[in-house]
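First the structure, in the form of structure tokens, and then the observations on it.
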Amino acid sequence: MSPLLVDIKLALRRLRQRPGFTLAAAFALALGIGSTTAVYSVLQAVILRPLQFRNPDQLLLLAEAQPAVPNASISAPDFKDWRDQAKTVELSSFTGDGFNLTGRDRAERLSAAITDASFFQVLGVRISRGRAYQPGATREVVLSEGAFRRVFGGDPKIVGSTIALNGNSYLVDGVVAKDQGYPPWAEIWAAPDPGRDLPLLAGFDPDTLQRRGSHYLRAIGRLKGGATLQTARTELEGIGARLEQTYPGNKGHRALVNHMQSVIVGPMAPSLWMLFGGVMLVLLIACANVAGLQLAQAASRQREIATRMALGASRGQLVRQLLAESVLLSVLGGALGLVFSLWGVNALTALAGRGLPRAAEVSIDQGVLAFTAGISVTAGVIGGLAPALLASRGRSLSALKDASPAGFGRARLRSALIVAEVALALVLLAGAGLLMRSFFALRGVDPGFDPENVLTARLARSNATNEQAAAFHEELLRRLSGLPGVRAAGAVKYLPMSGSNTNSDVSIEGQGKAAENDRRITEFQLIAGDYFKAMSIPLLAGRIPGPQDAAKGAPKVAVINRTMAQRFWKGEDPIGKRFSQSDDGGPGDDGWIEVIGVVGDVRQFALGTPSRPEAYLALAQYPNQSMQLAVKASGDHNALAAGLRREVAALDPDQPLWSVQPLEEILGQTLQARRASTLLLGVFSGLALLLSVLGIYAMMAYAVVQRTREIGVRMALGAQANGVVSLVVRQGMRLALLGVAIGVPAALALAQVISTQLYSVRPLDIPTYVATSAVLTLAALMACWMPARVAARVDPMIALRAE
């Protein structure tokens, strides 16, 4: 039998002989390895694994940076110039929209991406059924795998047939393979209408395609030949510079070009890497715990080890044998940890919710299993190497005479392990404390509206003209206001926290053209009904649009937010002032818009994003097909939702209503990813604290056992129990405080790394460091005090008799 198999056989026998030690060490390792495996499985699927497209490293995502909007959509003319002039990258455009599917048992809304003809070719997707569309004389679509299964029941006959979308007939060309679609929310992809080469949103004026000020497109790109990201950036920036010279309205506009994968996973990457670093610290603490346990076991086996050395065993053989035991122990911990990780993966994805990109790809696959095996073996080596080297270094003769020599090297290693555990635990506790303070600060931000008892829903009258759709919304709101318990019913183009917006430059009457470095970018909303009342947005001055503003020929009016009033009319009463949607200082194509009211600021994009200038226009004056409802009512949300559906069906049985949910849920979803990372790091820091306390207790208890005879002598010579307790506690706390002193600078370094994840909290937040240091010091004190009490109860006569 080979020496390795002999070592494994002996190691298994030894672990069976010590079931208590084996279970304790394996469980500590399982906590560390299981947590690390769960986080790594998410990290691999979301960040490390390439996108599932052809040559994904060549894929780019493009947007446009403007002076006041750092990440904006692209105008159709700008995109055409980029596409026609670029030599290093092949470009394709798309925009988000939706379709009402009718002609079936019930109407349904499908999230759609309207793309140009080359989209699938540039993206490099695999079509599992049928083909990609080839626009011509007919309207054509391609389905996602999810829509193919959920909506059409997986019927292969749907490919090649026609379906009714927004009142028009579309040919279904094919089905995109699972996990191959982009954007990820798209359930259906549609080619441009016949006669157009660029996508156009439903209800948009076709003249939009000719306006450089109308930004609504996004773009993907694929690098050509040996082109790199930098060469593509340089080329597109050069094109942008030429457009600035030709078109003054493009001043300050530049192309944003990034690898697709970095854009998709970018917002989540810092949180995932932070969590991975946190679980690695937990794993290191678990390894330190196991090292301490191994150290105690090695001391109890000193006579056995000395006997084997006296019989001719080399130090290398002994180290190999002890390491085999440690590695087997860690493999057992890894197997148990793998079971924990299955639960952990589900918990991670559930906590992250919609904020986790590529969530469907997260699984325990071969790569994750290989990682688990690797860290299990590594943990075994880390936890067992130092104790094995120390145990095999003793003199055989002295060990045969004395079964329990303490040894300076062993005491020094024990002290180092205590210091390391405390320092690592402090780093995690401080990081979790900073994130927790940041989370509560963000949650305490006033969003500018009251989400309580507000039910929201979305609808789009896509098979009607804008004027017909506006009339439909007004009548629906009138009916909803009469439902039992309803206090206010309104509608808006984009609800707060929806992540969508429409913005434009504005001119202020009497103020001339804005300076190039001070453009008046303003967010625009459409409202109807009692929107401000339903959302509890305070009216600070003036009035809101009424029936008189809906009359034919009535002057265009708007309600603005406080930020717009203060920024554009500093120190003046804005009521009665006028502005326009143009950047040349004049009235623009639609004429001047009169300010009739001022309302409070609303956090439209995120709680951590300050309010921007915002103007609310009346739907009656600017008809639109798609709106979002906000209904404030007392009583059960389910009953109100049923009432909403009844009223919509009464007006139009083919009109779908979707995304029916309380506004509180929408607000909560904006915090979901941050809440998840804070909670998980808090759990990991709690594990680190628990493991550290257990490790300190175990090593101090071992130290007390080693010093039993010394303590007995002290007590026989008159030492009091309190003095013995003080002696042991001082020894342990000296090491714990040294760990705190080392951990604070390390925690400060971590705080700088996670500073982008903090809101309204400085990385150098003294209360957090004081509180976490105090918690850890108190926990260490309890871990030292319990073995000290045991030491104080030593019977001096028994100890002296043993001596």
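The values are calculated or read from the model by the stated rules, or taken from the named source; none is laboratory data. Everything numeric in this text was worked out from a predicted model, so none of it was measured. Here Cβ is always computed from backbone atoms with ideal geometry, including for glycine, and neighbour counts include all displayed protein chains. Note: areas computed on protein heavy atoms with side chains; ligands, DNA, RNA excluded. Shrake-Rupley method; radii C 1.70, N 1.55, O 1.52, S 1.80 Å.
Here are the numbers for this structure:
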| quantity | calculated |
| --- | --- |
| Solvent-accessible area per residue, Å², over the chain with all protein chains present [probe radius 1.4 Å] | 43 Å² |
| Potential extension, Ser128-Glu361 segment - 0.36 nm per residue separation minus Cα distance | 82.1 nm |
| In Hz, Karplus ³J(HN,Hα) per residue of the stretch 135-146 (6.51, -1.76, 1.60; θ = phi - 60°; x = Gly, Pro) | x, x, 8, 10, 7, 9, 9, 10, 9, 7, 4, x |
| Extension reserve of the Arg567-Asp179 stretch, reckoned as 0.36 nm per residue once the Cα distance is removed | 135.1 nm |
| Protection-proxy order for peptides 135-144, 26-35, each taking the mean of Cβ atoms within 10 Å per residue, highest first | 26-35, 135-144 |
| Spin-label model distance (nm) - Ile575 vs Arg320, 7 Å beyond Cα toward Cβ | 9.2 nm |
| Vicinal HN-Hα couplings computed from phi for the stretch 412-423 (Karplus, 6.51 cos²θ - 1.76 cosθ + 1.60; Hz; Gly/Pro x) | 5, 5, 4, 5, 5, 5, 4, 4, 5, 4, 5, 4 |
| Residue-wise HN-Hα coupling along the stretch 438-444, computed from phi with Karplus coefficients 6.51, -1.76, 1.60 (Hz; x: Gly, Pro) | 5, 5, 5, 5, 5, 5, x |
| Principal-axis tilt of helix 366-391 within the chain, Cα atoms, nearest 10 degrees | 30 degrees |
| Under-5 Å amide H pairs with Thr502, H placed in peptide plane, nonlocal only | Phe524 |
| Over the stretch 18-150: Rg over Rh, Cα atoms, Kirkwood Rh | 1.17 |
| Helix 466-481 axis, angle to the chain major axis (alpha carbon atoms, nearest 10°) | 60 degrees |
| Proximal lysines to Lys251, defined as alpha-carbon separation beneath 22 angstrom and excluding residues fewer than eight positions away on the same chain | Lys80, Lys513 |
| Built amide H within the under 5 Å cut-off of Asn258, gap 5+ | Leu61 |
| Ellipsoid semi-axes in whole angstrom, largest first, where each is sqrt(5λ) of the Cα gyration tensor of the chain | 65, 31, 25 |
| Interchain or long-range residues, amide H under 5 Å from Tyr494's placed H | Leu526 |
| With every protein chain in place, the chain: carbon and sulfur % of accessible area (1.4 Å) | 57 percent |
| Value in Å of the Kirkwood radius, where the stretch 104-254 supplies the Cα pairs that are averaged | 17.4 Å |
| Added length on full extension, which subtracts the Cα-Cα distance from 0.36 nm per residue, Trp273 to Glu467 | 64.8 nm |
| On Cα atoms only, tilt of 766-792 relative to the major axis of the chain in degrees | 30 degrees |
| For the chain, calculated [θ]222 nm from helices alone, where every DSSP H run of n ≥ 4 adds -39500 (n - 2.57) | -16500 deg cm²/dmol |
| The chain, relative contact order in percent, only Cα pairs under 8 angstrom and at least six apart counted | 17 percent |
| Size of the stretch 412-467 as Cα extents on the principal axes (Å, biggest first) | 82, 26, 17 |
| Overall form of the stretch 109-187 per C-alpha gyration tensor (a/c, 1.5; a/b vs b/c) | rounded |
